[in-house]
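Input: a single structure, listed below in structure tokens.
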Amino acid sequence: MKVTVDEETCIGCELCVETCPEVFEMAGDKAIAKMSDVPKDLLESCREAAENCPVEAIKLED
């Protein structure tokens, strides 16, 4: 699964970083994905981060 963060939409709330720090980190006041391909063992927490993003800035693609 691939993950991206729309930097234009991101409000920098850091919820994704708290939920899945292995995949997300802050770059200034915006979240970024540290990797584009999510390892299988992190899929569940990455999905949770995407579902909980208040502005739907995280996109997941198979």
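Would you confirm whether any residue within the range 37-45 is of a type in the set (S, T, N, Q) and without any contact (Cβ under 8 Å) to a residue 40 or more places away in the chain?
Checking the range 37-45: at least one residue is of a type in the set (S, T, N, Q) and without any contact (Cβ under 8 Å) to a residue 40 or more places away in the chain.
Is it the case that some residue within the range 1-8 is part of a helix (DSSP H, G or I), on the phi < 0 side of the Ramachandran plot, within 8 Å of the chain's Cα centre (by Cα) and crowded, with 17+ Cβ neighbours inside 10 Å?
No, the range 1-8 contains no residue that is part of a helix (DSSP H, G or I), on the phi < 0 side of the Ramachandran plot, within 8 Å of the chain's Cα centre (by Cα) and crowded, with 17+ Cβ neighbours inside 10 Å.
This table checks each residue for (1) in contact with a Pro (Cβ under 7 Å, 6 or more places away or on another chain); (2) in a strand (DSSP E or B); (3) of a type outside the set (Val, Ile, Thr); (4) modelled with pLDDT of 95 or more.
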{"residue": "Cys10", "(1), (2), (3), (4)": "no, no, yes, yes"}
{"residue": "Val17", "(1), (2), (3), (4)": "no, no, no, yes"}
{"residue": "Glu22", "(1), (2), (3), (4)": "no, no, yes, yes"}
{"residue": "Met26", "(1), (2), (3), (4)": "no, yes, yes, yes"}
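Which of the residues belonging to the range 36-51 are polar (S, T, N, Q) and either under 14 Å from Glu7 (Cβ atoms) or surrounded by 14 or more Cβ atoms within 10 Å (Cβ to Cβ) (or both)?
The first filter runs over the range 36-51 and keeps only residues polar (S, T, N, Q), leaving 36, 45.
Passing the criteria: only Ser45.
The values are calculated or read from the model by the stated rules, or taken from the named source; none is laboratory data. These numbers come from a predicted model, not from an experiment. With ideal geometry, Cβ positions are generated from the backbone for all residues, glycine too; neighbour counts draw on all protein chains shown.
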